[in-house]
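The values are calculated or read from the model by the stated rules, or taken from the named source; none is laboratory data. The structure displayed is predicted, hence computed values, not measured ones. Cβ placement follows ideal geometry from the backbone for every residue including glycine, while neighbour counts extend to all protein chains displayed.
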Amino acid sequence: MTARRALPLAAVAALAFAGCDYGTAAKLTAQQERERIAFIEDHAEWTDHELAKLCPGLYPKDFLTDEDTYPRPRGDEDRTPPKTTAADRAEARAAGCDVRP
């Protein structure tokens, strides 16, 4: 697992244990937690900002809007984002990506 992948997993764990409420908070099922881990592993080549667009529940609410706290890595603007498929969207739904624990 790369250091970049540690952020989403750490965020999921921190939010689950801290009980933070972001307005769409809910308790994830064990199945959803497993699906989230599989989702991250299946999308290992995606950047955190690309993952946050498809699965916002993995990240803090302001992840995509607060560039000071969550800047994009250098060279990210030159990157061509991967195409989001129907399978990606289905996997995101199964992982409860619209839920922030």
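Per-structure values
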read-out	value
Number of the exception - Thr69 against (1) over 8 Å from the mean Cα position of the chain (by Cα); (2) closer than 16 Å to Arg100 by Cα	(2)
Close pairs from the stretch 66-83: first farther than 19 Å from Ala44 by Cα, partner of a type outside the set (Phe, Trp, Tyr) and modelled with pLDDT of 85 or more, Cβ under 9 Å, at least 6 apart	Asp66/Pro60; Thr69/Pro60; Thr69/Asp62
Which listed residue is at pLDDT below 85, more than 14 Å from the chain's Cα centre (by Cα), on the phi < 0 side of the Ramachandran plot and surrounded by 13 or more Cβ atoms within 10 Å (Cβ to Cβ), from Ala26, Ala11	Ala26
